[in-house]
Amino acid sequence: MDFSRPLLLFILPAIFNLLAPTMAQFDLRTCTSAAEYCWICSDTAGNYTPGDIYQSNLKRLFSSFSSDTRNKSGFYSSSRGQDSNKVNAIALCRGDLALDNCRTCVNETTHLLLQNCPNHKEAILWGERCMVRYSYNLIFGIEQGDPTKYLPSPNSAKNSQQFEAVLNPLLGILIEKAAAGDSLKKFAAGHANIPDAETIHAFAQCTPDINQQNCSNCLKDSFSIIPGCCGGKSGGRVLKPSCSLRYENNGDFFGPFTTSQIDIPVPPALAPAPAAKKSNTREIVIIITVVSVAVAIIMSSICIFLRMMKRRVKLREGHGSSDENLVESLQYDFETIKSATDDFSDANKLGRGGFGTVYKGRLLNGQLIAVKRLSKNSEQGDREFKNEVELLAQLQHRNLVRLLGFCIKAKERLLIYQYVANASLDHFIFDPQNNAHLEWETRYKIIQGIARGIFYLHEDSRLRIIHRDLKASNILLDEDMNPKIADFGMARLFMIDQTQGDTKTIVGTYGYMAPEYAIHGRFSVKTDVFSFGVLVLEIISGKKVGSFRYGKSEEDLLTYAWRNWREETPQNIIDPTLTTSSRIEIMRCIHVGLLCVQQNAVDRPTVVSIVSMLNSETLTLSVPSQPAFYLQDDGEPDMCLTTLTESDESKSSSIYVTQNEPSNITEPYPR
């Protein structure tokens, strides 16, 4: 089966690409009123001083772009300067733009970017016809999915079902064509007609310096965002540094450029039916819907198998010297980090975890960082430490805290991470003041982002990693309240075809541990699914998984949620501050949460299934069975379950949280 066929392209985003925020909207503070231009100035990359060498290099670089008459592709990429004054820049014109218009657009856009992001060392601006970005970091040949802008049309589609039935395969075809482009241009445009209605015009484009697979990934991720940001609208745009996707119900934005027509058959279930046959039509719709879902599940299963086989081959190929170069490129000088943190001063201390203390720092180029100073008691050797750094460095995802580098000096072990502006999730959902301002749309975005990160760990990275310590305090929130999974100190690496592991050393956090892991030491992807279910219920209720008082009774969250679900009073589970929220959406999330915390691991859904459940309001959810109840003793979690035998209880008495396990992966910083 051809993995890149159009049919799979528009099934896969719904199955494999995790949900983007459903309420994502563009910020008028960084877009013009009609969205002709949108820009983002990085606040974490630092600033340059007016008149310094960095500014001079930037202006000269931009000038060279607009004056380059030899460029015939509409793509510009170059660097200027050395060391901390080095500037890397990219400019990309829309693939249909004439070269003279392209140069004019680049010239105007570079001036606008300097005007709107003065003194910033990293910024990006998207225009109707071209995009310009620059950074002190290396940006060439690297797929970058963030930051992202979502621009929905203010107008609604005339018939949303027919519109989506044509739009989805159209975009799927264009994504495939654009990704297959060469090193000069990765662009595809086309239009498709809706019978007796409107015409959809669309294009897909990547910066041609990234390879076919990265281009495809970037565009598919953009495709998966469209239902959340632009569903039911007659047009929409998803803008990323490495790719862009756009569709409209008119072709005015193409100007004189003529796109090719792509014939998309409209499913019979969506075609207009005679009024006299309404009942028959309803039956046909139901039948076709059921068949379509079944086909999608079968095809997605095949694709999962193919994806696993591809990753297995990659792992067998080995790493070689490139991985050694990767590790060396990540190593920081100790004095540099010592200076960045003001000699690890208490004023820069962000928090302390079981593995060490976290400090805020600022590098000489102005970049903010978080530095994890690991405990000096570790018996881990330099080589083992570097191996773990190498693993973490390969985990690159928007919903994971990103490792920037490391440092080794004598007994010092330092890990350097991206700085995440806000506190961890528990500071928001369990704090009465912060909780009141956490509306449902934000909570739902957080739920989706956590699921997206887990999916990456389990299915979508080169490795398969079981986190084993997913909890509210290990979910960091950036300035836009996007979640980032942190703290891999308890994580375990699985082989691609491995389904379960065993350990005699139980590590993790009470209340979030799955029963089969807490009692028997068995862990799998379903262990993380259980923890995710607890997180979902905590986010919805605003209550900790531990005991809380309800009237005269005291219950843990899982007991409380299950009782109210069985008594058909699920509204009692919902945080009372969520007064104007989507009740149907919240109820569905409660349902998903209860499915995730079922006592038997086999009954819990996979993260792929969780994505489908969250992404589709029409998908029927199975009936949840009794969850694993965590009883409480004087306010402290107790690992005994309501259904344990005496032998099980005796085993559970030896459960403890350890700080060191030889096969653990070093943690990204917790709060």
Legend entry - Selection from segment 46-105 of residues that are of a type in the set (Asp, Glu) and out of contact with any Phe, Trp or Tyr (no Cβ under 9 Å at 6 or more places or on another chain): 52, 83, 100
Inset, instruction - Taking residue 545 as the residue in question, decide whether it is within 30 Å of residue 375 (Cα to Cα), buried (at least 17 other Cβ atoms within 10 Å of the Cβ) and modelled with pLDDT of 75 or more. - result: yes
Legend entry - Of the criteria (1) farther than 30 Å from residue 232 by Cβ; (2) of a type in the set (Gly, Ala, Ser); (3) modelled with pLDDT of 90 or more, which one residue 190 fails: (1)
Inset, instruction - Enumerate the pairs (first residue in segment 431-452 and in the same structural domain as residue 610 (by TED's automatic domain parsing) and under 20 Å from residue 532 (Cα atoms); second residue anywhere and surrounded by 17 or more Cβ atoms within 10 Å (Cβ to Cβ) and among the polar types (S, T, N, Q)) with beta-carbon separation below 6 Å, excluding pairs fewer than 6 apart on the same chain, so at least 6 apart or on different chains. - result: 440/581; 449/399; 449/482; 452/399
Inset, instruction - Tell me, yes or no, whether segment 94-101 has at least one residue that is in contact (Cβ under 8 Å) with a residue 12 or more places away in the chain, in the same structural domain as residue 45 (by TED's automatic domain parsing) and either touching a His at 6+ places or on another chain (Cβ under 8 Å) or among the hydroxyl-bearing types (Ser, Thr, Tyr) (or both). - result: no
Legend entry - Residue that is surrounded by the fewest Cβ atoms within 10 Å (Cβ to Cβ) [pool: residues in segment 206-232 that are modelled with pLDDT of 90 or more and hydroxyl-bearing (Ser, Thr, Tyr)]: 216
Inset, instruction - Being closer than 16 Å to residue 419 by Cα and either at pLDDT below 90 or not aromatic (Phe, Trp, Tyr) (or both) is the filter here, so list the residues in segment 348-359 that pass it. - result: 348, 349, 350, 351, 352, 357, 358
Inset, instruction - With the checklist (1) more than 24 Å from residue 371 (Cβ to Cβ); (2) under 15 Å from the mean Cα position of the chain (by Cα) in hand, flag the one item residue 453 doesn't pass. - result: (1)
Inset, instruction - Would you mind finding the one in 203, 163, 187 that is part of a helix (DSSP H, G or I), buried (at least 20 other Cβ atoms within 10 Å of the Cβ) and among the aromatic types (Phe, Trp, Tyr)? - result: 163
Inset, instruction - Determine if segment 408-417 includes at least one residue that is over 17 Å from residue 467 (Cα atoms) and within 19 Å of the chain's Cα centre (by Cα). - result: yes
Inset, instruction - Go through segment 127-154 and count every residue that is among the basic types (Lys, Arg) and not in a loop (DSSP other than H, G, I, E, B). - result: 2
Inset, instruction - Test each condition in (1) closer than 26 Å to residue 137 by Cβ; (2) in a helix (DSSP H, G or I) for residue 347 and report the one that comes out false. - result: (1)
Legend entry - Output for segment 564-595, where each listed residue is assigned to a helix (DSSP H, G or I) and more than 21 Å from residue 529 (Cα to Cα): 564, 566, 570, 571, 572, 583, 584
Inset, instruction - Consider residue 574 carefully, then state whether it is among the aliphatic types (A, V, I, L, M) and at pLDDT 90 or above. - result: yes
Inset, instruction - Determine which single condition residue 623 fails, assuming it passes every other condition in (1) buried (at least 16 other Cβ atoms within 10 Å of the Cβ); (2) at pLDDT 90 or above; (3) more than 20 Å from residue 445 (Cα to Cα). - result: (1)
Inset, instruction - Could you look through segment 71-85, keep only residues that are at pLDDT below 90 and not small (Gly, Ala, Ser), and pick out the one that is nearest to residue 135 (Cα to Cα)? - result: 85
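The values are calculated or read from the model by the stated rules, or taken from the named source; none is laboratory data. From a predicted model like this one, the values you see are computed outputs, not experimental measurements. Methodologically, a virtual Cβ is constructed for each residue, glycine included, from the backbone with ideal geometry; neighbour enumeration extends over all protein chains shown.
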